[in-house]
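For reference, the structure is listed below as structure tokens.
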Amino acid sequence: MSDTTGSGVVLASYGRGVLVQVSDAGSGESTLRCSLKGRKQRIVCGDRVAWVYEPANDGASVESIEPRRNLIERIDSRGRPEPVAANIDRLAIVVAPEPVPDWFLVDRYWAGAELKDIATMLIVNKSDLGLESLQAEIGTYRGLGLPCVEIAAHRGSGVAELRATLEGSVTLLVGQSGVGKSSIVNAIAPEAAAQTSELTRDAEGRHTTTTARWYRLNAQTALVDAPGVRDFAPPASLVRAAERGFVEIHALAVDCRFNDCRHMEEPGCAVRSAVLAGRIAARRYESYRRLVRLYEKLTSP
Ligand SMILES: Nc1nc2c(ncn2[C@@H]2O[C@H](COP(=O)(O)OP(=O)(O)OP(=O)(O)O)[C@@H](O)[C@H]2O)c(=O)[nH]1
Ligand SMILES: [Mg+2]
Ligand SMILES: [Zn+2]
């Protein structure tokens with residue numbers, strides 16, 4: 001008997017194997033667990049892979065990975081880059097009144113996506129709790145051209161509109177733990193809800209997501225639910241290129257006296273003038289400064 005082969009998207013990646021979506025022939029979907037061939041193969045949620053089923057081994061394994069359009073990474077607790085998801089069209093950064101937003105985190109995610117030319121949006125969840133305390137920041141982001149939508153995953157308000165916005169693309173949900181990323185997936189794609197059973201409980205007994213998971217809504221549309229972050233650690237590449245990730249700072253940099261202005265203490269800095277004049281939000285500028293200082297710390301002997 002000959003081997004069976006096929007290709008599909010990786011729904012989730014575990015230590016020693018991956019879960020692959022097997023092309024459905026009109027009869028719904030099925031998934032296939034595949035082992036990895038070598039230790040070197042690092043496969044991430046969203047990768048497209050070719051697999052082979054070997055009857056002799058009674059199992060499937062990944063043959064090859066298609067080239068990635070992009071790869072979203074973050075830094076793990078030991079400071080090493082850790083891939084989160086590949087082949088993403090849009091980054092949706094989720095915030096909520098509770099937990100209290102870490103806007104620096106939002107800025108960092110947006111800057112990272114900007115560097116990779118990935119469209120970004122802000123989802124403000126838990127509108128049932130009242131969003132008054134967040135309106136000033138939301139206004140800043142809207143003013144910078146970042147699309148912001150307000151929803152309540154629990155009550156369903158704004159969910160249909162969000163689903164329409166996400167139609168036709170692959171969106172990665174990121175943000176602090178507990179903002180409601182998994183709840184949004186469940187609200188938008190109730191058919192996917194059953195699949196969240198692999199949520200595990202953390203030390204305090206709360207459900208939390210531990211591995212990125214791809215949810216197919218239809219042939220063109222998918223949501224990727226990522227584990228929430230609790231701490232901050234941007235990849236060095238982002239810190240180095242911080243300026244380009246902050247759209248309003250990047251736009252003004254051409255007016256600085258020095259070509260290589262870092263917009264820190266340099267004289268004739270158009271960015272600092274704009275901050276003083278209130279044309280750039282001081283908090284956004286502070287986010288930028290934190291990234292630059294972090295880079296200086298990373299690169300100092
Ligand atoms: N009040 C309110 N609570 C919500 C809403 N959406 C989610 N929650 C609650 O927020 C908590 C966290 O929701 P999750 O969906 O698990 O959050 P998450 O972002 O996936 O968290 P991690 O997987 O740990 O990153 C849960 O107790 C949800 O019930 C909402 O619209 N309103
Ligand atoms: Mg979750
Ligand atoms: Zn400058």
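The values are calculated or read from the model by the stated rules, or taken from the named source; none is laboratory data. None of these values were measured; they are calculated from a predicted model. Please note: Cβ atoms are built from the backbone with ideal geometry, for glycine as well, and neighbour counts cover all protein chains shown.
Numbers below:
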item: The range 265-276, residues that are part of a loop (DSSP other than H, G, I, E, B) and near ligand 3 (Cβ under 8 Å from one of its atoms); result: Glu266, Gly268, Cys269
item: Number of the exception - Pro83 against (1) surrounded by 23 or more Cβ atoms within 10 Å (Cβ to Cβ); (2) under 19 Å from Leu223 (Cβ atoms); (3) away from ligand 1 (no atom under 16 Å from the Cβ); result: (1)
item: Top-ranked residue of the range 277-291 - restricted to ones that are of a type in the set (Gly, Ala, Ser) and modelled with pLDDT of 95 or more, ranked as surrounded by the most Cβ atoms within 10 Å (Cβ to Cβ); result: Ala281
item: Residue pairs meeting the criteria (Cβ under 6 Å; at least 6 apart or on separate chains; first on the phi < 0 side of the Ramachandran plot and touching a residue at least 12 places away in the same chain (Cβ under 8 Å), in the range 164-187; second near ligand 1 (Cβ under 7 Å from one of its atoms) and assigned to a helix (DSSP H, G or I)); result: Leu173/Lys181
item: Selected residue (criterion: surrounded by the fewest Cβ atoms within 10 Å (Cβ to Cβ)) from residues of the range 33-80 that are acidic (Asp, Glu) and modelled with pLDDT of 90 or more; result: Glu66
item: Residues that are hydrophobic (A, V, I, L, M, F, W, C), modelled with pLDDT of 75 or more and either within 16 Å of ligand 1 (Cβ to nearest atom) or in a helix (DSSP H, G or I) (or both), drawn from the range 218-257; result: Leu223, Val224, Ala226, Ala242, Val247, Ile249, Ala251, Leu252, Ala253, Val254
item: Some residue of the range 25-32 being under 30 Å from Gly178 (Cβ atoms), at pLDDT below 90 and loosely packed, with under 13 Cβ neighbours inside 10 Å; result: yes
item: Single residue of Asp117, Asp128 found to be among the charged types (D, E, K, R), over 18 Å from the mean Cα position of the chain (by Cα) and away from ligand 3 (no atom under 16 Å from the Cβ); result: Asp128
item: Close pairs from the range 121-140: first in a helix (DSSP H, G or I), partner surrounded by 17 or more Cβ atoms within 10 Å (Cβ to Cβ) and of a type in the set (Lys, Arg), Cβ under 7 Å, at least 6 apart; result: Thr140/Arg284
